[in-house]
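The values are calculated or read from the model by the stated rules, or taken from the named source; none is laboratory data. Treat the numbers as computed from the prediction; the structure is a model and nothing was measured. Methodologically, a virtual Cβ is constructed for each residue, glycine included, from the backbone with ideal geometry; neighbour enumeration extends over all protein chains shown.
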Amino acid sequence: NAGVTQTPKFQVLKTGQSMTLQCAQDMNHNSMYWYRQDPGMGLRLIYYSASEGTTDKGEVPNGYNVSRLNKREFSLRLESAAPSQTSVYFCASSPPRELAGANVLTFGAGSRLTVL
Amino acid sequence: DQQVKQNSPSLSVQEGRISILNCDYTNSMFDYFLWYKKYPAEGPTFLISISSIKDKNEDGRFTVFLNKSAKHLSLHIVPSQPGDSAVYFCAAIPHGSSNTGKLIFGQGTTLQVKP
């Protein structure tokens, strides 16, 4: 019952460094998402992937790239990290719409990123 | 421009009493509203949802009320238990986005239930 697994859990970067956050789900969900959580802001959608091979921008995509490697995996890349990207990042997935009245997301435990 | 707002950052209640968490929204074009619960060092977990065409949905100790004219929803927890202590996020699904998971979240309210 792993659900949604994110790695790493913690990371400290220097400004300008790059890194990739990894996410995998074992629930056979079609859709996957990356959100960031900042104090006083709630969670904001960065990118999402409705299905394997497709990705779309969310509310705050600038400075990020994503790859939907296969149905299970969805990675988030910071090419040149900035202090404004210090945040907690959550990956999530959801089943097809017809299986739920609302699009209920299952979240990973989060990845805390600090950019110095 | 915060479309979904939780104006109370924190709430403290006594065990056994009712907890009422509030959420306001500014956009009428939402199809669903959801509540998520989050413990420290964990991801948010889904708690309960309500369709925009309903005004109440109940699941055990949790009831969500939707007042469309006031653009307000609330989550009632009765009776409150210490294990309910967590951050609660209100979220909304914009019209036409029910297939995308493009939830709009409020800022969260930290609930503390005292034994």
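Among the residues making up the range B:36-74, those that are among the basic types (Lys, Arg) and either away from every other protein chain (no Cβ under 13 Å) or in contact (Cβ under 8 Å) with a residue 60 or more places away in the chain (or both) are B:LYS38, B:LYS56, B:ARG61, B:LYS68, B:LYS71. The lone criterion from (1) free of Cβ contacts under 8 Å to residues at least 60 places away in the same chain; (2) more than 14 Å from chain B (Cβ to nearest Cβ) left unmet by A:THR15 is number (1). Of the residues making up the range A:58-108, just one is among the hydrophobic types (A, V, I, L, M, F, W, C), modelled with pLDDT of 95 or more and loosely packed, with under 15 Cβ neighbours inside 10 Å, namely A:ALA82. Restricting to the range B:55-79, count the residues that are of a type in the set (Gly, Ala, Ser), within 14 Å of the chain's Cα centre (by Cα) and in a loop (DSSP other than H, G, I, E, B). Residues flagged as of a type in the set (Gly, Ala, Ser), within 14 Å of the chain's Cα centre (by Cα) and in a loop (DSSP other than H, G, I, E, B) within the range B:55-79 amount to 0.
Residue by residue, here is whether (1) modelled with pLDDT under 95; (2) surrounded by fewer than 17 Cβ atoms within 10 Å (Cβ to Cβ); (3) hydroxyl-bearing (Ser, Thr, Tyr); (4) closer than 17 Å to B:HIS95 by Cα holds:
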| site | (1), (2), (3), (4) |
| --- | --- |
| B:GLN2 | yes, yes, no, yes |
| B:ASN7 | yes, yes, no, no |
| B:SER12 | no, yes, yes, no |
| B:LEU21 | no, no, no, no |
| B:ASN27 | yes, yes, no, yes |
| B:LYS37 | no, no, no, no |
| B:PRO40 | yes, yes, no, no |
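Selection within the range B:16-47: residues that are more than 15 Å from B:ASP59 (Cα to Cα) and basic (Lys, Arg). The member of this set that is nearest to the chain's Cα centre (by Cα) is B:LYS38. Per this entry, B:PRO82 is not counted among residues that are at pLDDT below 95 and over 13 Å from the mean Cα position of the chain (by Cα). Looking at the range B:45-53, is at least one residue modelled with pLDDT of 95 or more and not in a strand (DSSP E or B)? No, there is no match, as no residue in the range B:45-53 is modelled with pLDDT of 95 or more and not in a strand (DSSP E or B). Within the range B:95-115, the set of residues being in contact with a helix residue (DSSP H, G or I) (Cβ under 7 Å, 6 or more places away or on another chain) and either within 14 Å of A:TYR35 (Cα to Cα) or at pLDDT below 95 (or both) comprises B:SER98, B:ASN99, B:PRO115. Across the range A:33-58, the number of residues qualifying as more than 10 Å from chain B (Cβ to nearest Cβ), part of a loop (DSSP other than H, G, I, E, B) and under 20 Å from B:VAL87 (Cα atoms) comes to 0.
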